[in-house]
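Each reported figure results from applying straightforward, stated rules to the coordinates on display, with no laboratory input. Worth saying up front: this structure is predicted, and the values here are computed from it rather than measured. Using ideal geometry, Cβ is built from the backbone for each residue, glycine included, and neighbour counts are taken over all protein chains shown.
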Amino acid sequence: MTAKITSKLDATGRVSVPRTVRDSWEMGSAVRLEVLKNGDGLRLSRARQTTGDCYTLNSQNRLFVPAELREQAGWEADLILEWKVADDFVLIGRDLQVCEICYSDRALAPVRQTFLCADCLDEAGKNKLYAWEKPLDRLVSRFTEACSYASDGEMADLNEAREVGGELHAVLHFLGVPADHELLITLDKADRRLRKVIEPARMMEAFEAWQTKTGKKKRALVYEHLTRTAGKKQRKQSGKLGKLNRIVNEDFEESWHTFKVEELYNLFEACDVDTRRKAYELAVEEAEAEWNQARGAGEDHFQASLASAASLEQSVSELIAVCRYLEEAGEHSDGNDLDRLQDRQLELSRLCDIKTRLDEVDRRKEELDVKQKHIRGVKKEMLGEV
Ligand SMILES: [Zn+2]
């Protein structure tokens, strides 16, 4: 905010016109004066002719305000008056209630300790809609593009599709889109399809690494078996990736378009950013507390406590998506440290991967032709990563 421009009304009804006002507005020798609608100020505009209700600046750049106008505005001598310079007029007053943007004094609505006129509000609404829609549009195109590449089965594309899909899901949910909305249903379906390939691929990679890393022969056998079964699952699911293009298809783009035209504006209107963001922050805090509590139950329960880590990871990812979106939409940030949140999310997703692997060991226990102690050894070994 720029400093206020002020000057004092003297006892003779004269007020000196500050240099900044004279410099930014060619006032000329004659001005027209009119009292503002709410009575608490005057509007100075260029006089078309030098006769009638017009007033001139004297040689000391002082403007005489007639007693009648001073009375209407409720001005007395020694009053400090504020100046506001608009494109084709200047305002002077004690406590000017005018539109923050165009200085109009008509059709004002209070907005965060200031005022905006109906025209500027309308314009601001359109700008806001654009600012909020743009980052969503970008997410949708990144998602559809990543999905079209992902059907080839490249891990980088699969991960990108899943991450962006998750981000889009979180933001739509934040904006108040209900869970049974067709857009969210499609995002859920795509996520399940992607997860079915990504999870075994990640597992396979980790089991294979452990197979080389472990010094124990029997454990290596367990890892080998797990690597093989994960690989089989991954190949089978990769073969079904063609379905992704049937899930994220023209119908999806069509519903996105309809959604933008018919629903988005009302959602923006109803979205109280601060309250909703708080709810996301609270969800993270609660999940964090729950995880801390589960972890406190001792080492034996650690594997079970990893389930709370998964829900914490989910909450953190959602908060990151929301913060990132709001930042792109130009909303003031609420002090959430994105870098810190991202580090946290990375650490948690590593824990979630370990949980997936431990669960897989439990699921495949019966298939393994080794003594229980080797299976326990494998689990302990992987838990050692924590
Ligand atoms: Zn305005």
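Some values worked out for this structure:
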read-out: Helix-derived mean residue ellipticity, 222 nm - over the chain, DSSP H n ≥ 4, -39500 (n - 2.57), to 500; value: -20500 deg cm²/dmol
read-out: Förster-model FRET efficiency, 30 Å R0, Ser349 and Glu254, C-beta, rounded to 0.05; value: 0.35
read-out: Estimated dipole of the chain in Debye, rounded to 20 [Cβ of Lys and Arg +1, of Asp and Glu -1, Cα centre]; value: 1740 debye
read-out: 0 to 90° range, to nearest 10: angle between helix 118-150 axis and the chain longest Cα axis; value: 20 degrees
read-out: About the Cα centre, charge dipole magnitude for the range 79-227 (Lys/Arg +1, Asp/Glu -1 at Cβ), debye; value: 1180 debye
read-out: Relative contact order for the range 179-278, counting Cα pairs under 8 Å that sit 6 or more residues apart, in percent; value: 33 percent
read-out: Folded to 0 to 90 degrees: helix 372-383 orientation relative to the chain principal axis, Cα; value: 20 degrees
read-out: Shape category assigned to the range 5-97 from the gyration tensor of Cα positions, a/c cut at 1.5; value: rounded
read-out: Sequence-separation-based contact order of the chain, relative, with Cα cut under 8 Å and 6+ spacing, percent; value: 12 percent
read-out: Given charges at beta-carbon only (K, R positive; D, E negative), |dipole| of the range 5-97 in Debye; value: 240 debye
read-out: Positive-end extreme of charge dipole, the range 123-383 - chosen from Ala220, Ile354, Ala179 (charges on Cβ); value: Ala220
read-out: Between helix 217-238 and the chain: long-axis angle, C-alpha atoms, 0 to 90°, nearest 10; value: 60 degrees
read-out: Most positive-pole-ward Cα, Leu129, Gly165, Thr20, against dipole of the chain from beta carbon charges; value: Gly165
read-out: Rounded FRET efficiency, nearest 0.05, which uses the C-beta distance separating Ser45 from Asp10 and R0 of 30 Å; value: 0.85
